[in-house]
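First comes the structure, then the notes that go with it.
Every read-out reported here was derived from the displayed coordinates using simple, explicitly stated rules and does not represent laboratory data. Predicted model only: the values in this text are computed from it and were never measured. No Cβ is skipped: glycine too gets one built from the backbone with ideal geometry, and neighbour counts run over all protein chains shown.
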2 protein chains.
Amino acid sequence: MLARAQPSVSSGLPPALAAALEGLLGRRFTTSAADREHHGRGESYHAGLAPDAVCYAGTTEEVAAIVRLCAVHRTPIVPFGAGTSLEGHVTAVRGGVCIDLSRMNAVLSVRPEDLDATVQAGVTRQQLNSDLRDLGLFFPIDPGGESTIGGMAATRASGTNAVRYGTMRENVVSLTAVTAEGEIIRTTRRARKSSAGYDLTRLLVGSEGTLAIITEVTVRLYGIPEAISAAVCSFPAVSNAVDLVVAVIQSGIPVARVELLDNTTVRAVNLYSKLALNEAPTLFFEFHGSQAGVCEQAETVEALAADFGALGFIAAADADSRNRLWKARHDTHYAVQALRPNAKLWSTDVCVPISALAPCIAQTQADIADASFPISMVGHVGDGNFHLGLLIDPSDPRELAEAAAINDRLVRRALELDGTCTGEHGIGSGKIKFMRLEHGPAVEMMRKVKQALDPLGILNPGKVLPED
Amino acid sequence: MLARAQPSVSSGLPPALAAALEGLLGRRFTTSAADREHHGRGESYHAGLAPDAVCYAGTTEEVAAIVRLCAVHRTPIVPFGAGTSLEGHVTAVRGGVCIDLSRMNAVLSVRPEDLDATVQAGVTRQQLNSDLRDLGLFFPIDPGGESTIGGMAATRASGTNAVRYGTMRENVVSLTAVTAEGEIIRTTRRARKSSAGYDLTRLLVGSEGTLAIITEVTVRLYGIPEAISAAVCSFPAVSNAVDLVVAVIQSGIPVARVELLDNTTVRAVNLYSKLALNEAPTLFFEFHGSQAGVCEQAETVEALAADFGALGFIAAADADSRNRLWKARHDTHYAVQALRPNAKLWSTDVCVPISALAPCIAQTQADIADASFPISMVGHVGDGNFHLGLLIDPSDPRELAEAAAINDRLVRRALELDGTCTGEHGIGSGKIKFMRLEHGPAVEMMRKVKQALDPLGILNPGKVLPED
């Protein structure tokens with residue numbers, strides 16, 4: 001009782017821990033309500049839960065020191081990047097300490113000859129790409145928002161370029177991370193490939209801060225293509241668009257991006273971005289290569305598109321019209337949001353084998369038609385991944401329940417088609433309930449790994465794995 | 001004492017286990033000396049150690065049953081595919097049961113629309129590619145030898161196509177595996193990407209049978225390119241060749257293969273394959289794409305090659321000259337072997353960041369020049385990976401010691417350059433001594449994973465991880 005009654009730096013943390021953290025970090029340790037509230041939630045519909053304190057870490061060594069202190073007190077630790085999470089990853093479900101890594105935002109080294117760069121976890125992809133531009137290089141992974149590269153690694157993020165360049169799984173070379181004991185490790189060397197032992201890099205990519213805390217990331221870079229061109233093309237039905245994409249990928253055309261927008265999304269984009277696209281299921285393409293190469297790719301896709309009932313194929317070869325198109329694609333979040341200004345966007349995230357994409361979407365369209373709120377759809381169709389945007393009033397329990405039921409049916413449909421409940425957003429706390437359905441007894445293997453690497457259960461508890 | 005004295009089916013196995021395995025498998029359980037000897041070694045210089053018995057498994061369920069029986073008796077289990085291992089992976093260092101998976105050789109399904117296939121672990125890459133040819137598809141990973149796809153997954157293998165298509169790390173979609181408890185799991189679904197939990201697929205790829213036994217593999221497939229062309233080009237020095245490759249990759253030319261052969265290897269190839277290549281450091285290129293695309297790639301590389309002092313650039317656009325060239329590359333093993341017919345080839349396998357490749361090779365050339373036996377060099381230079389072929393008499397302790405010293409210096413050199421001791425062959429028992437040097441405290445994380453997933457230590461003991 002004494003500890004509670006005492007005026008302590010943090011109401012929830014053991015006073016000795018709070019004092020030690022303050023000793024370590026000074027004013028970069030805080031229990032202010034505003035800081036705690038800001039760090040208790042991502043960008044999604046999930047209710048937030050604030051941590052007891054926030055630590056703004058400056059170095060890997062500081063992260064290690066914080067972890068060692070928290071381990072002594074068995075206090076939960078939640079790593080935090082930019083707070084762009086969509087599945088409640090940063091919710092402090094058991095309180096504890098949030099480690100904010102956003103001040104660890106140095107690009108440590110860029111090696112053009114090796115096509116890689118090492119950055120601190122808090123560097124955003126925009127910041128890295130801005131640093132790289134003059135070198136003629138870029139980092140292709142582009143989830144929405146100003147995500148940090150550490151956060152992107154932790155959730156195995158991807159985006160519109162994955163069909164050509166892969167996801168964080170393929171583009172992280174090596175990680176520096178802090179273990180649950182506060183030890184600093186490097187997961188592997190910087191060679192492009194290695195067969196030396198267990199793939200700790202890939203084990204930590206997608207582990208959402210539950211196995212270790214990622215503090216530095218070495219990523220692969222790519223030369224900015226000599227030429228880029230884009231095209232847009234609409235179809236009588238979603239199935240035609242999907243069938244074209246399957247044909248394009250099978251014929252080995254190295255399309256850099258291919259994005260599907262449904263009628264609702266096209267309408268939203270037309271309104272928001274002042275475009276005049278045909279209000280029909282639409283594909284946005286982007287081609288990377290040499291001048292001749294991108295022309296050839298666009299011509300081949302245009303010829304194929306005619307076979308799949310395309311209603312028109314508009315090339316956007318010049319940078320202005322291409323940028324306008326892709327800016328519109330990147331603004332779909334805001335465009336869709338504008339359809340119901342006070343709503344919150346619940347973004348679903350199933351991913352299925354590409355052969356199952358058309359049936360999965362077709363079966364989902366009845367749900368879209370019957371919903372009591374607007375629902376948009378965009379798809380990274382080259383990967384079999386698509387998002388419904390459910391525009392709900394999160395304060396209305398009926399809408400929340402209706403959205404949850406739509407998501408639940410969608411996930412079960414995807415799993416029946418050998419797909420996954422999340423292509424790129426992660427499990428967080430929001431999708432734990434699907435883990436057993438998706439993975440069966442493999443969940444026990446995951447649990448053993450978690451238990452082995454975090455026996456005290458202090459690393460982002462209540463995330464990824466079901467607890468019973 | 002009683003058990004030892006009794007005539008038992010296996011001299012080394014507990015009689016109850018031997019009886020149970022024989023009951024399960026009938027004549028597919030054997031303790032014959034020939035079978036045991038055949039299964040106790042791979043293709044390398046490593047001394048063999050025979051298992052106490054060999055089980056020819058027919059199904060995943062049988063593998064699970066074998067593991068459950070062995071777990072009861074705490075008997076070691078060594079998985080075996082084609083026996084093409086180069087680092088003592090299949091050596092039964094503690095006896096026990098070898099599970100031969102080569103009879104599990106069914107291609108279970110090929111899905112052209114998803115560009116993937118599911119095969120049993122014992123299917124070889126040649127068998128799969130032969131099945132795929134009529135569909136216009138191929139599986140690109142091509143280590144030397146008739147390796148099984150299960151073995152290739154277990155060692156995270158690659159080969160000459162990795163620069164374009166990646167390694168087994170990038171090309172395994174999903175695995176079916178048997179855990180140390182004899183439970184059957186599937187590591188993930190068949191979607192191209194997923195953020196649903198820990199990446200068990202990548203955890204098992206490269207784990208060399210020490211965390212689970214891989215019984216089925218779903219791999220990515222690719223369309224056979226519309227056009228393929230090849231070229232060969234020699235240089236005054238290895239460094240010119242390497243610098244060209246760096247420039248080619250940086251300019252984003254999607255070269256499918258680029259292989260370096262040193263003077264000794266070119267000489268061997270000329271003799272063995274009746275070619276008349278210039279006896280100088282030489283690059284073999286292969287280009288995949290459309291007709292126009294491969295022409296453009298070859299022309300761009302030819303223009304670049306001139307800047308790097310190429311002594312000639314010979315295109316081999318027609319299938320005959322291309323196949324002759326690549327057949328010669330694939331036969332380098334035999335060609336080099338023929339330089340010293342009774343020798344055994346010790347193949348080193350370091351991989352470094354590509355910027356470190358030229359210095360790493362340059363520093364290695366003194367060792368090559370000073371050696372008392374012939375040494376050849378071939379490199380998957382686009383990946384920074386190269387192999388020395390040390391032609392030694394393995395019965396001569398001085399030659400073995402000299403080879404070990406050369407390999408040791410080479411590995412330390414690669415590690416100093418932020419590289420790895422093995423780019424594609426694996427650790428097995430042969431490179432355990434370098435694990436701490438390469439991974440530092442990350443070895444403890446690997447050890448915790450091993451302990452969690454195989455607490456009895458029965459899965460391929462004595463491999464991958466140091467024991468002290």
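For peptide A:201-211, how many partner chain Cβ atoms fall within 10 Å of a residue's Cβ, on average?
4
What's the local net charge at B:Pro466, with K and R +1, D and E -1, over the other residues with C-beta under 13 Å away?
That works out to +2.
Report, ordered by chain and residue number, the aspartates and glutamates lying within cross-link reach of A:Lys344, taken as a straight Cα distance under 12 Å and ignoring same-chain residues fewer than 8 apart.
Cα-Cα hits under 12 Å: A:Glu43, A:Asp393, A:Asp396, A:Glu399.
So what's the net charge close to B:Phe434: Lys and Arg +1, Asp and Glu -1, counting the other residues with Cβ under 13 Å from its Cβ?
That sum, taken over residues with Cβ under 13 Å, equals +2.
Set the Förster distance to 41 Å, then compute FRET efficiency between B:Arg340 and B:Glu113 from the Cβ-Cβ distance, nearest 0.05. Intermediate values should be presented prior to the final figure.
Values: r = 50 Å, r/R0 = 1.22.
It comes out at approximately 0.25.
Counting Lys and Arg as +1 and Asp and Glu as -1, each charge on the Cβ, what is the dipole of chain A about the Cα centre in debye, to the nearest 20?
1080
Once the label point is placed 7 Å from Cα along Cβ, list for B:Asp307 the distances to the corresponding points in the other copies, in nm, shortest first.
Result, one decimal in nm: 3.8.
For B:Gln363, which inter-copy label distances result when the label point lies 7 Å beyond Cα on the Cα-to-Cβ vector, reported in nm to one decimal and in ascending order?
Counterpart label points of B:Gln363 in the remaining copies fall at 5.7 nm.
Quote the relative contact order of region B:227-334 in percent (integer), defining contacts as alpha-carbon pairs under 8 Å separated by 6+ residues.
Relative contact order for region B:227-334 comes out at 45 percent.
What is the average number of partner chain Cβ atoms found within 10 Å of a Cβ in B:109-115?
5
Using a cut-off of 14 Å between alpha-carbon atoms, which aspartates and glutamates can reach A:Lys463, once sequence neighbours fewer than 8 places away in the same chain are excluded?
A:Glu87, A:Glu208, A:Asp454
Just to confirm a number: summing +1 for Lys and Arg and -1 for Asp and Glu over residues other than B:Ser147 whose beta-carbon lies under 14 angstrom from that of B:Ser147, what do you get?
-4
Counting only C-alpha contacts under 8 Å and six or more residues apart, can you give the relative contact order of chain A as a whole percent?
15
Which residues does the label zone of B:Leu456 cover in region B:196-212, counting backbone N under 17 Å from a point 7 Å along Cα→Cβ?
B:210-212, by backbone N distance to the label point.
What percent do you get for the relative contact order of region A:2-100 when only Cα pairs under 8 Å and 6+ apart count?
Across region A:2-100, relative contact order equals 32 percent.
Shortest first and in nm to one decimal, what separations exist between B:Glu61 and its copies in the other chains, measuring from label points 7 Å along the Cα-to-beta-carbon line?
Here B:Glu61 shows inter-copy label distances of 5.9 nm.
Which ordering of B:Trp326, B:Trp346 is given by a fewest-first count of other beta-carbon atoms within 10 Å?
Details: B:Trp326 18, B:Trp346 25.
Ascending Cβ contact count within 10 Å gives the list B:Trp326, B:Trp346.
Under 20 Å Cα-Cα from A:Lys327, which aspartates and glutamates qualify once same-chain neighbours fewer than 8 residues away are excluded?
A:Asp142, A:Glu146, A:Glu259, A:Asp262, A:Glu279, A:Glu286, A:Asp318
Can you give the FRET efficiency to the nearest 0.05 for B:Glu226 and A:Ala227, using r as the Cβ-Cβ distance and R₀ = 35 Å? All intermediate terms of the calculation are to be shown ahead of the outcome.
Values: r = 20 Å, r/R0 = 0.57.
Step by step, r from the Cβ atoms, then E = 0.95.
Only residues of region B:213-233 count here: report those whose backbone N is under 12 Å from the spot 7 Å along Cα→Cβ of B:Glu302, or say none.
Under 12 Å, as judged by backbone N against the label point of B:Glu302, lie B:230-232 of region B:213-233.
Given that compact globular proteins tend to follow 2.2 N^0.38 Å, what is the ratio of the alpha-carbon Rg of the protein assembly as shown to that value?
0.95
By the gyration tensor of its Cα atoms, with a ≥ b ≥ c the square roots of the eigenvalues, what is the shape of region A:103-210: rounded for a/c under 1.5, prolate for a/b over b/c, or oblate?
Values: a/c = 1.40, a/b = 1.32, b/c = 1.06.
The shape class here is rounded.
Over the Cα atoms of region A:416-468, compute the convex hull volume and normalise it per residue, giving Å³.
Per residue, the Cα convex hull of region A:416-468 comes to 86 Å³.
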